[in-house]
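Each remark here refers to the structure printed beneath this line.
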Amino acid sequence: MMQNRLVPVLFCCILFGVLGRAQSTDLLRIDYLRIPENNSGIGTSRYKVLLNVPIKLGNDDYFVIGGEYNRFEIDFSRPQPFDTEQIDVLHVMDMNLGYITRWNDNWRLITIATPRLASNLLDGVVTKDFFINATATLWKERMDAEVPFRLVLGLSYNSTTGLPFPLPLISYYRRFHPKWSYTLGIPRSNFKYHITDRHTLQLALLLDGYFINLQDDILLPDGRIGTRISLSTLVGAVGYQFNLSKMMSFYTLLGGSIEQEGKLRDNKRVDVFLLNREANLYLRGGFKISIF
């Protein structure tokens with residue numbers, strides 16, 4: 001029974017880690033997330049800042065450089081069988097290096113390399129804090145068509161999954177009515193109602209989480225050792241977006257986790273301690289400048 005329950009969560013965790021950055025088209029994002037305390041006695045706050053700068057190289061060629069910083073603050077209201085001080089604050093820092101060019105009349109080629117530092121940073125920076133993500137996609141869109149659409153196909157590799165090969169990526173957007181649109185993809189799918197150019201409502205299904213190195217090993221009562229901490233969650237949410245312009249907007253999401261697992265892992269990525277499997281509320285809001 002437990003193994004059957006773990007299957008969708010582990011699958012979601014892998015897909016989040018591999019595809020999480022592939023759908024991002026933000027130039028600037030300032031984001032706050034709160035996952036309130038549940039029956040496990042654990043609550044999480046996340047502060048995110050992202051900046052990407054496109055540099056034009058030619059008529060249809062761009063180099064993109066940017067970065068993203070995430071700070072996680074984890075609150076424990078109940079005692080744990082280990083010292084929680086070293087996992088109270090966690091950090092994830094990405095550097096984005098991308099290249100965009102026109103593949104042919106219909107498709108653009110996008111390649112992105114993302115070196116990542118994910119750590120509790122107790123003792124400076126160590127080798128195990130570093131990970132690498134890489135994505136290559138083909139992008140086709142017809143936004144001036146009678147029924148606008150966008151299709152993204154590609155491959156993505158992420159060293160945090162433990163898989164030695166890239167996995168497929170797909171995302172499909174369609175504006176099938178002046179007031180209705182949808183996106184099918186990973187890590188996010190949504191169904192939107194465009195009330196006016198200024199106001200948008202949406203239903204969203206998304207993956208969220210992290211995979212972070214712990215510099216000081218955590219010794220558990222059964223003798224096992226935790227060297228990584230991870231969270232994977234599948235979230236259903238309703239959202240509202242206020243559009244200042246075609247590119248700038250404020251947004252908010254209110255939802256809850258459908259499946260969730262927070263856990264400690266050893267240096268072979270084997271689960272050694274379950275922190276949290278209880279459902280949570282999911283509260284998120286922020287400001288973004290995006291290319292769409």
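The values are calculated or read from the model by the stated rules, or taken from the named source; none is laboratory data. Every value quoted in this text rests on a predicted model; they were computed, and no experiment measured them. For neighbour counting, all protein chains shown are included, and Cβ atoms are generated from backbone atoms with ideal geometry for every residue, glycine included. For the accessible areas, the whole protein counts, side chains as well, though only heavy atoms, and no ligand, DNA or RNA atoms are used. Shrake-Rupley method; radii C 1.70, N 1.55, O 1.52, S 1.80 Å.
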Name the single residue, out of those in the stretch 92-120 being among the polar types (S, T, N, Q), in a strand (DSSP E or B) and under 21 Å from the mean Cα position of the chain (by Cα), that is surrounded by the fewest Cβ atoms within 10 Å (Cβ to Cβ). THR111
Under 30 Å from LEU109 (Cα atoms) and part of a loop (DSSP other than H, G, I, E, B): which single residue out of GLY67, GLY58 fits that description? GLY58
Go through the stretch 237-277 and give me each residue that's open to solvent by 50 Å² or more (accessible area, probe 1.4 Å), assigned to a strand (DSSP E or B) and within 16 Å of ILE30 (Cβ to Cβ). PHE242, MET248, PHE250, THR252
Limited to the stretch 154-200, what total is found for residues that are assigned to a strand (DSSP E or B), without any contact (Cβ under 8 Å) to a residue 40 or more places away in the chain and open to solvent by 70 Å² or more (accessible area, probe 1.4 Å)? 10
Taking the criterion of being closer than 21 Å to ARG46 by Cβ and either touching a strand residue (DSSP E or B) at 6+ places or on another chain (Cβ under 6 Å) or of a type in the set (S, T, N, Q) (or both), would at least one residue in the stretch 135-150 satisfy it? no
By residue number, the members of the stretch 37-65 that are open to solvent by less than 40 Å² (accessible area, probe 1.4 Å), farther than 19 Å from GLU85 by Cα and under 20 Å from the mean Cα position of the chain (by Cα) are LYS48, LEU50, ASN52, VAL64
Using the structure shown, decide if ASP129 is out of contact with any Asp or Glu (no Cβ under 6 Å at 6 or more places or on another chain), open to solvent by 30 Å² or more (accessible area, probe 1.4 Å) and among the charged types (D, E, K, R). no
Number of the exception - ASP217 against (1) touching a residue at least 12 places away in the same chain (Cβ under 8 Å); (2) in a strand (DSSP E or B); (3) charged (D, E, K, R): (1)
